[in-house]
1. Tell me whether the stretch 282-291 contains one or more residues that are modelled with pLDDT under 85, farther than 27 Å from P386 by Cβ, open to solvent by 20 Å² or more (accessible area, probe 1.4 Å) and of a type in the set (G, A, S).
2. Only helices (runs of 4 or more DSSP H) wholly contained in the stretch 405-518 count here; list those with 3 or more residues that are closer than 21 Å to R390 by Cα and at pLDDT below 80.
3. With respect to the numbered conditions (1) at pLDDT below 85; (2) basic (K, R); (3) part of a strand (DSSP E or B), which one is the sole condition not fulfilled by R304?
4. Please go through the stretch 188-202 and give me each residue that is part of a loop (DSSP other than H, G, I, E, B), modelled with pLDDT of 70 or more and open to solvent by 40 Å² or more (accessible area, probe 1.4 Å), ordered by number.
5. Would you check which residues across the stretch 96-105 are part of a helix (DSSP H, G or I) and modelled with pLDDT of 85 or more and list them?
6. Of all residues in the stretch 370-389 being buried (at least 20 other Cβ atoms within 10 Å of the Cβ) and under 26 Å from the mean Cα position of the chain (by Cα), which is nearest to R321 (Cα to Cα)?
7. Would you say I185 is more than 19 Å from L125 (Cβ to Cβ), of a type in the set (V, I, T) and either open to solvent by less than 60 Å² (accessible area, probe 1.4 Å) or modelled with pLDDT under 75 (or both)?
8. Of these, L217, L275, which one is at pLDDT 90 or above and not in a helix (DSSP H, G or I)?
Amino acid sequence: TGERLSAEHQEGKTRVSCDPPQPLAGEEEGTTNATHTQPQLPHPIETIPLELFQAIVWEIWSQSSWVLISAGYYVITRLRLVCRRWAQVLEGMPELWAKISLKMDERLIGLALSRSMHSPLFIDLTGYQFSSSALEKLLQHIYRWKYLAIYDVGDGVVQQLAAQSFPILQELTLFNTLFMNRSNISFSGSAPMLRTVRIRRCRIQWSALILSNLRELVLTEVGREAPDIDTFLKLLSNSPKLTRLHLRNTGLTHSSSPQNRVPLMFLQKLELDSLGQDILMQLLESIAIPTSTTCRFFFALKDRGETPIYEQLEPIGQRLRTLAEISRGTRSILTLGSRLVRASYEGDSDLHGTLIITLQGSDESNLEVLEYFASQVSQGEPNTFPPVLRIVDPIHPASFKKWGLLLRLRDHLPNTEEIQIEHIDAAHSTELAFNTLFLSNPSSPPFSRLNTLVIRDSTDRAWAEWLQRWQERRFKRGSVKPLPLTTLKLEGGNISHEILEGLKTLFPNVVLCDVEVE
């Protein structure tokens, strides 16, 4: 029956069983009866508190993705075979049976529909290999569909769904129907509770979508079937409660007509990835983005000969200036990276969303782009709380032209008090960085107010060796001035006890955060 948990006592293993012990051959009947009349202690596996067992099972089940729904039911089946008590508990958890895929056996679909009772359903419609009767069973419970994912289905299924109403549907995922069928998907039925829509490689009748209560819209790899920008902006204007918008590799077509700005007052996150630069800039100019929105943009720069970089980046520069003004008087961080041209600006103000930019451009444009970002942050009146300057991935010194970037940033951020260097793993890069900061002009260092240096996630100790050499040189030649720092902060990585003690003689404050001292 599968309701016995046992392991044989062989080679050090012990046999245990949840079922009553069976009489040995040759035992007298009276002895057996006496044994059965004696009270038996429950097996430890039966003493697990009900709430704890339910929490464990739900944790296992909630981690199963759409692809692994069948695997989730396999786990449930195995757990049911442990003992009758577990089987009863599992059968009495309706939400555990609420994920249903057309890849499942039709009998299991019927069982899941029955045992899920009135729970909202997670429905996965994938592929062509299923019976029409199985789909009919699911459609009879369409009033319970809360999450719907459609992958690679045929035209008939799409059209059948398009005519339905989804009274409690909150999340819709459409994936890869562009190449599998040639008819348009048009959810003309009512879905008043729809909150999240994810579309990838699909043919959609965009003008037919009614998404007035939408909170999240994700479009990925929607190429020639993407809407024109006028239709897309109209869709956004009909979704005033949108909190997240993510477009990736989606071919919106440019419009030359003037656009009224679409207000998205509740937008919390905006991600524009691998769009054409003209489209990206037009979107930024056509959407009224709240200053509290976190923005992440990824795009390729045009050739410098066609349009100056500052003109290409103007809509982004305008947002940077706005965020910098909001951050005035509070702590903010300007991050510049060299692996790809990366920049971000974040602040502590509640009204300040993070701006993250990743650009693809030539090495010649890297310095110009990063300097442009610094210039936008520094505009206006001097900030009494200058932004922290964070340099990330300085492993390609050529990208920073031997750290000449720091000298160019000095003209825009002269009052910088804290510099963070992250992932500095090459000895030659360390040497160039420290020489630029402290030895390029000893009488007039690039950042005269610099008092804090943060080394984060460094696996190379070249920076510590540089500081030791500087200390030795200072002892031998008394004319060497102390480093203009009051605090050295180390985050992540490891350091020897000997080096740590040496650093404490160099700086009034040495702060360790998640550092392993060897």
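1. Checking the stretch 282-291: not a single residue is modelled with pLDDT under 85, farther than 27 Å from P386 by Cβ, open to solvent by 20 Å² or more (accessible area, probe 1.4 Å) and of a type in the set (G, A, S).
2. Ranges flagged: 427-434, 462-476.
3. (3) is the only condition that R304 fails.
4. Selection gives S190, P192, M193, R195, R201.
5. At the first step, the residues of the stretch 96-105 found to be part of a helix (DSSP H, G or I) are 96-97.
Scanning the stretch 96-105 gives a single hit, W97.
6. It comes out as F373.
7. no
8. Only one candidate passes the filter, namely L217.
The values are calculated or read from the model by the stated rules, or taken from the named source; none is laboratory data. None of the values given here were measured: they were computed from a predicted structure. Please note: Cβ atoms are built from the backbone with ideal geometry, for glycine as well, and neighbour counts cover all protein chains shown. Note: areas computed on protein heavy atoms with side chains; ligands, DNA, RNA excluded. Shrake-Rupley method; radii C 1.70, N 1.55, O 1.52, S 1.80 Å.
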